[in-house]
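Read through the structure below, which is laid out as structure tokens, and then see the notes.
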Amino acid sequence: LSGPEPLPKSFKTFDDFLPTSDEFLRKNLRKHGVHHLWGVQGAVAGALLDEHKRDVMVIAPTGSGKTLSYLLPLMVRLGKPCRSAFKLFKSGDAPTAGEQGIRSIIVLPTHELALQIHNEVLKLCEGHAWRTMLLEKSTEKAIIDSTKSEEGKPALGIDILVATPERLHHLVSSNALPLHE
Amino acid sequence: MPCHYTSEHDATEERSKLIHLSYRTRYIILDEADRLLGSDFLPQVEPIVKACTHPLLQKACLSATMEAGPEALAKTWLRDEGVRIVVGLK
């Protein structure tokens, strides 16, 4: 661990950072055979969940638990699925900006890897209303639509978007995207 | 670098589209960052990262290996150069 002081603390156990109010992440971890927090995961979660919202550069070998090291803190940071914000809106409460749009993006070099990571995301989200999408040809339109809001109706939003650079770049720079808010 | 705009107008228009997609994005993760920051993907990855304009955007780069060049570039994107976490290297 190195970088500008003060360095964030590493977490030792899931209890150090998973919300106690919500058991679903823990349940899903157990269900998929994850019982202990690994070193890299504790360190990365410590940095990402630090009050100063530190950015991280992680160099760790394949098989050291890198994927979970960012997925867990990401889900803790996102807090509630955007869908719950959407429900709130319907009952008269406007969702906050942080609960709309594409809230987080995971970029991977190949479609195969993106598919693999999206499957991990799905495992963690099991039984919960998280809205996650894998960017591919068949989902492109749904993703564009999710960022559009119509009068009196906020955009549906996406909690986690998993994408490869080509397709995502095409999407952010193409005319397919609506210009209105 | 990778973005070549033909005129100021194009650049502005381009930017407004980018922001539309990503101004609410708070977290971006580059997994297998050594490849994403290499010459094959950088022309696409850089505009994506730059399109995420939220002031509190949090970024994470992860990789099994990382060469000096890509790492130096990534550091310029990371706030305060980021926290560097290295596992299992001797």
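The values are calculated or read from the model by the stated rules, or taken from the named source; none is laboratory data. Everything quoted here is computed from the prediction, not taken from an experiment. Please note: Cβ atoms are built from the backbone with ideal geometry, for glycine as well, and neighbour counts cover all protein chains shown.
The table that follows gives values for the structure above.
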{"quantity": "Residue list for the range B:27-50, filter: surrounded by fewer than 18 Cβ atoms within 10 Å (Cβ to Cβ) and either of a type in the set (Lys, Arg) or at the interface with another protein chain (Cβ under 7 Å from one of its Cβ atoms) (or both)", "calculated": "B:LYS50"}
{"quantity": "Qualifying positions in the range A:1-47 - outside any helix (DSSP H, G or I), among the small types (Gly, Ala, Ser) and either within 14 Å of chain B (Cβ to nearest Cβ) or surrounded by 13 or more Cβ atoms within 10 Å (Cβ to Cβ) (or both)", "calculated": "A:SER2, A:GLY3, A:SER10"}
{"quantity": "Any hit, the range A:141-157, residues being modelled with pLDDT of 85 or more and in contact with a Lys or Arg (Cβ under 9 Å, 6 or more places away or on another chain)", "calculated": "no"}
{"quantity": "Residue satisfying all of: in the range B:19-49; part of a helix (DSSP H, G or I) and over 16 Å from A:ALA163 (Cα atoms); modelled with the lowest pLDDT among these", "calculated": "B:ILE19"}
{"quantity": "Subset of the range B:56-83 that is polar (S, T, N, Q) and surrounded by fewer than 16 Cβ atoms within 10 Å (Cβ to Cβ) - its residue that is farthest from the other protein chains (Cβ to nearest Cβ)", "calculated": "B:THR76"}
{"quantity": "The lone exception for A:LEU122 - which of (1) away from chain B (no Cβ under 13 Å); (2) modelled with pLDDT under 95 it fails", "calculated": "(2)"}
{"quantity": "Residues satisfying the stated conditions in the range B:65-80, i.e. in contact with a Lys or Arg (Cβ under 8 Å, 6 or more places away or on another chain) and either in a helix (DSSP H, G or I) or polar (S, T, N, Q) (or both)", "calculated": "B:TRP77, B:ARG79, B:ASP80"}
{"quantity": "Any hit, the range B:2-13, residues being within 8 Å of chain A (Cβ to nearest Cβ) and modelled with pLDDT under 95", "calculated": "no"}
{"quantity": "Residue within the range A:59-74 that is crowded, with 18+ Cβ neighbours inside 10 Å, touching a Lys or Arg at 6+ places or on another chain (Cβ under 6 Å) and at the interface with chain B (Cβ under 8 Å from one of its Cβ atoms) present", "calculated": "yes"}
{"quantity": "Condition check for B:THR53: more than 7 Å from chain A (Cβ to nearest Cβ), at pLDDT 75 or above and more than 27 Å from A:GLY63 (Cβ to Cβ)", "calculated": "yes"}
